[in-house]
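Encoded as structure tokens, the structure appears first; notes follow it.
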Amino acid sequence: MMNNNNVSSTVKNMPIPIWRISALVLSISITTSAMAQEDNFPDDPIRIGFAAHSIDLGAIFGQLREGFRNHLDEAGLEYEFYQAAPDTPSSHAQMVQNLENFATQDLDYVLMGPTSLDLNEPGLNSIAESGAKLLMTDYERPEGGVPYDEAVLNWVVYSHDEMGYKTGDWLMHHFRGQGNFEPRIVMLWGPADSEISEARGGGVKKAFDEAEDMTVDIVYETYADFDRDLAYTQTERALAAYDFDAIVALNSYMSVSASSALMANGREPGEIVVAGMGGTIAELEGVALGEIGVAPFRDPRSMGRASAEALLQHLTGNEADIDKTVYATIPVTESVYSISQHVPEAMFDVNAFLHEHFNR
């Protein structure tokens, strides 16, 4: 079944069982050139679809949606918003089904957060054939392009390899500071067919390999499929069979679950370092409390605003001004201070969270 979560009264969930590339470093705010052209907006509301592997507000795409819709609202655009998500981030067939359903709904634009760029291709082709424009996020455009290139307005992305590298590099510096030059590591991978998991894990291992003064021993690595329950189970399995110093989880769901499993099994926060990546709200809470050591962060709200800006430029006849590829920066969040510097308060107010947490 499709995941149907209401966002507001203006959001409609779909009734289904369900090139020139110019790089821009994403900033916290984007000037809305189209705001001055509100008179050029159509009289009738436009129809926007949002397909992502999760639409929960606590996850990347829920926050990306908020940034996207806030930007359109600030511009004064009237629109209808439809959203659909599969049961799990690895439910590729459900995502294709959702996209194929969108293709029959006379949509003008589809904001897209794939479960897999390759495995979602049939559905993305259907969207392109329907005449809707695509706003791609999360995955970088392949070097050779995609069959639906003509339908894509822009790609709002970040480097998953870089995110993984920053996690691995942070771990190497952390263990050097402890005088541990032979750290034992557990790695929790995403689905075996996930391009994102491969890129992130490859980045982690690249950082390990470049640390020539360190001897890293990966004592256990397994596929936990970006799944909360499976990550918890695999962490407990690793605890029962191995001694290790850190656990690397290749997405936020798994790092939060790994941290929970460690504490449920009597480990103190930081005794075994949990290294995550992504920076969901739950993961940032873990960093703030010292339960998660590090989580490189990409700002999903700014990513959503960049996608919305491309839509506005296209809608007002300024498609030539669209930045075809927009790269989000990836700061490392490892403390309350770094969270306060890099994470928008509208997404996560770390000071308010800590006051509430310690004054319950």
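The values are calculated or read from the model by the stated rules, or taken from the named source; none is laboratory data. Quick caveat: nothing in here was measured; it's all calculated off a predicted structure. We place every Cβ from the backbone using ideal geometry, glycine too, and count neighbours over all the protein chains shown.
Things to note:
- Hits in the range 182-204 (condition: at pLDDT 95 or above and out of contact with any helix residue (DSSP H, G or I) (no Cβ under 7 Å at 6 or more places or on another chain)): GLU182, ARG184, ILE185, SER197, GLU198
- Residue within the range 245-267 that is of a type in the set (Ser, Thr, Tyr) and surrounded by fewer than 24 Cβ atoms within 10 Å (Cβ to Cβ) present: yes
- Within the range 43-91, the set of residues being within 21 Å of the chain's Cα centre (by Cα), in a loop (DSSP other than H, G, I, E, B) and either among the β-branched types (Val, Ile, Thr) or closer than 19 Å to ALA306 by Cα (or both) comprises ILE55, LEU57, ALA59, THR88.
- Set GLU100, GLU121, GLU150, GLU182: member being farther than 22 Å from GLN63 by Cβ and in the same structural domain as ALA261 (by TED's automatic domain parsing): GLU182
- Qualifying residue in the range 203-226 (condition: at positive phi and either in a strand (DSSP E or B) or touching a His at 6+ places or on another chain (Cβ under 9 Å) (or both)): yes
- Those residues of the range 269-299 which are in a loop (DSSP other than H, G, I, E, B) and surrounded by 24 or more Cβ atoms within 10 Å (Cβ to Cβ), in sequence order: GLY276, MET277, GLY279, THR280, ILE292, GLY293, ARG298, ASP299
- Of all the numbered requirements in (1) outside any strand (DSSP E or B); (2) over 30 Å from GLU309 (Cα atoms), GLU150 misses one, and that requirement is (2).
- Scanning the range 43-101 for residues that are within 17 Å of ASP299 (Cβ to Cβ) and β-branched (Val, Ile, Thr) returns a single hit, ILE60.
- Exactly one residue out of GLN94, GLN105 is buried (at least 18 other Cβ atoms within 10 Å of the Cβ) and not in a strand (DSSP E or B): that is GLN94.
- You will find that of ASP227, ASP245, the residue that is modelled with pLDDT under 95, among the acidic types (Asp, Glu) and touching a helix residue (DSSP H, G or I) at 6+ places or on another chain (Cβ under 8 Å) is ASP227 and no other.
- All positions within the range 155-184 that are surrounded by fewer than 23 Cβ atoms within 10 Å (Cβ to Cβ), under 24 Å from the mean Cα position of the chain (by Cα) and assigned to a strand (DSSP E or B): VAL157
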